[in-house]
Amino acid sequence: MSTQLQQHNKREFKGEEEEEEEEEENHLLHSECETIPLSSPHTSPSEWEHGNREEEEEEEEKDTVYAAKDKVQIFDLESASGASVGSTAVPPFSWRKLWLFTGPGLLMSVAFLDPGNLEGDLQAGAIAGYSLLWLLMWSTFMGLVIQLLSARLGVATGRHLAELCREEYSNWARLVLWILAELALIAADIQEVIGSAIALKILSHGILPIWAGVIITAMDCFFFLFLENYGVRKLEGVFAVFIGTMGFSFAWMFFDTNPSEEELLMGLLIPRVNSKTLRQAVEIVGCVITPHNVFLHSALVQSRDIDIRNKGQVQEAINYYSIESSVALLVTLVINLFVITVFARVFYGTEQAKGIGLVNAGQYLQERYGGGLFPILYIWGIGLLAAGQSSTITGTYAGQFITEGFLKLNIKKWLRALITRSCAIVPTMICAIVFNTSEGSLDTMNEWLNVVQAIQIPFALIPLLTLVSKEEVMGTFRIGPIVERVAWSVAVLVILVYGYMLLDFFLDEVDGVLFGFLVFLGAAAWISFIIYLVQHSGAISSILVRSSYSKGFFSLAGN
């Protein structure tokens, strides 16, 4: 009897506990419902969750340049669901997939064809003739090595170089890297915009002044960026038209002037340089490898929807991007070759050779090879306009990536484009007004802009090589020891070339003790920051360790 009574009491006590728990749950549910911002009294929990997801997606779109809905779909759902996350199998080559991956390399390659490059080409041809064509070929190959590493970094990590620099370096170093990247970008953008303005002046018979061309170029840039709202592929198609226009225009000039085929082949195959052409040789290397393009390419490759957890997809994307970038830079090599050979054929050994530039090149060509089916002055103007317009768009793109990556600005894409575009247009307008007094003043401005970009190049290359060599960043896609040594060799060579350019420039320009002292302080700071970045990368210790390991291996083998 007592046992039954105890069981009955337990059931009652248990029932009271359950009632208390139910009351607490109802109270909590009621308090949570009060805090939920429902849009209407009939909003269901599922609708509220859907609204939250939309808000999260909007926040993500503010923080990324390529939203998920804007990316080009490469891998269909069936193949994606059928492959495991850690799958390393790479499917066989597909022309259709290569076509889908084609695009970022076109945008990247425009930096090899901007107005600054064209001016370097025409001056190299006019002063050095065909003798520096071999250097153009090898510097383009060096640029390809750097750009492939940039694309590899973006594909394997799902983030671009500026974002990774924000996480890799301390606050002060990150701030210095960002400021220098912005200054170099502004310097490059000034050259590109003024190049477009010069082309508009040529095509309008001089009616449009340089400052008006700057405004038109700025507005055109926003118009073409607006095309991205209709899909990334549409914008990439516009760039294909620009590059095709340049290729057609300069090929027309090439065949119209009929350069020497024998001297062209000798220039490509036989390395030649002397004291008179050393400056042009340095400019060719300096024009091909630009700092903002290193940041740009690592971000452009993210326009394709790739699951970075699937190693097979990542490797496949790297393979296709390597093919696409190689073809794009081969096209730029041919176009640059056209420009050098045309001006070598027309102006090499003439009195006009040393004074030729973007402003007067078209007029000089018209005087020597005017008339014909279509005047060569306008062919040059069309090619220059295509180069300027396309490079200003990629400059704006690079500015968005650099600003968003280093500062992590939580703003919408159009506002970010407006800010970065304005940062470049305002100084461009000032330069167009101040320096548009004579051809010599524009050349002086162009030299100073090249100096700003030369200062920045180590601070784009060294972080790139640091990151692609780290296993904790790249995982299994970090570069191997041979590629690492080749990449560092290319970087050292490029930095030395730019260093020589800076030394040669300042030796000519330094006048006075105060200015010389300021240049000395700047050079010391520049070298010190390079040393800091190299030490941070651990490249020297890594090479020493591998060298000692190799010596130990060979000594053991000898024993």
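The values are calculated or read from the model by the stated rules, or taken from the named source; none is laboratory data. Fair warning: this is a prediction, and the values are worked out from it, not measured in the lab. Heads up, the Cβs are rebuilt from the backbone with ideal geometry, glycines too, and the neighbour counts pull from every protein chain shown. SASA here: full protein model, heavy atoms, side chains in, ligands and nucleic acids out. Shrake-Rupley method; radii C 1.70, N 1.55, O 1.52, S 1.80 Å.
In this model, which of K97/K408; K71/K234; K97/K311 are farther than 23 Å apart at the alpha-carbon?
K97/K408
Explain nothing, just the number: dipole magnitude of the stretch 309-379 about its Cα centre with +1 on each Lys and Arg Cβ and -1 on each Asp and Glu Cβ, in debye rounded to the nearest 20.
Computed about the Cα centre, the dipole is about 140 debye.
Modelling each spin label as a point 7 Å along the Cα-to-Cβ direction, I'd like the L100/V492 distance in nm, to one decimal.
Placing both labels 7 Å beyond Cα along the Cβ direction yields 4.2 nm.
Using the Karplus curve 6.51 cos²θ - 1.76 cosθ + 1.60 with θ = phi - 60°, what ³J(HN,Hα) values do you get for each residue of the stretch 188-198, in whole Hz, with x for Gly and Pro?
With coefficients 6.51, -1.76 and 1.60, one gets 5, 5, 4, 4, 5, 5, 5, x, 5, 5, 5 Hz.
So how do I284, I531 rank on accessible area, 1.4 Å probe, biggest first, that is with the largest at the start?
Final ranking, largest accessible area leading: I531, I284.
Under the Karplus relation 6.51 cos²θ - 1.76 cosθ + 1.60, θ = phi - 60°, what is the ordered set of whole-Hz ³J(HN,Hα) values for the stretch 244-252, x standing for Gly and Pro?
Each residue of the stretch 244-252 in turn: x, 5, 4, x, 5, 5, 6, 5, 4 Hz.
With each label point set 7 Å from Cα along the Cα-Cβ vector, what nm distance links R233 and I531?
5.3 nm
Would you please give the FRET efficiency between Q73 and F226, computed as 1/(1 + (r/R0)^6) with r the Cβ-Cβ distance and R0 = 22 Å, to the nearest 0.05?
0.45
Enter the accessible area per residue of the stretch 97-444 (Å², integer; probe 1.4 Å; all protein chains in place).
37 Å²
Bins of 10 Å, beginning at zero and ending with the bin holding the largest distance: percent of Cα pairs per bin for the stretch 97-444, please.
Whole-percent P(r) values from 0 Å outward: 6, 25, 34, 24, 10, 2, 0.
Give me, ordered by chain and number, the residues 5 or more places off G538 or on other chains with an amide H under 5 Å from its own placed amide H.
Under 5 Å from the amide H of G538 lies no amide H from a residue far enough along the sequence or on another chain.
Let me test this: with uniform point scatterers at the alpha carbons of the stretch 357-405, what is the Debye-based log₁₀ I(q)/I(0) at q = 0.19, 0.21, 0.29 1/Å?
Rounded to two decimals, the profile gives -0.65, -0.72, -0.99.
Taking θ as phi - 60°, what are the ³J(HN,Hα) couplings along the stretch 135-150 by the Karplus curve (6.51, -1.76, 1.60), each to the nearest whole Hz, with x for Gly and Pro?
5, 4, 5, 6, 5, 5, 5, 5, x, 5, 4, 5, 5, 5, 5, 5
Sort 354-367, 379-392 by packing, meaning the average of other beta carbons within 10 Å per residue, with the highest value first.
Output ranking for 354-367, 379-392: 379-392, 354-367.
What residues have an amide H closer than 5 Å to that of R304, excluding those fewer than 5 places away on the same chain, when H is modeled at 1.01 Å from N in the peptide plane?
V72
Taking 0.36 nm per intervening residue step and subtracting the Cα-Cα distance, what contour gain separates E351 from I216 on full extension?
45.1 nm
Could you work out the relative contact order of the stretch 97-444? I mean the mean sequence separation of Cα pairs under 8 Å and 6+ apart, divided by the number of residues, in percent.
Normalised by residue count, the contact order of the stretch 97-444 is 43 percent.
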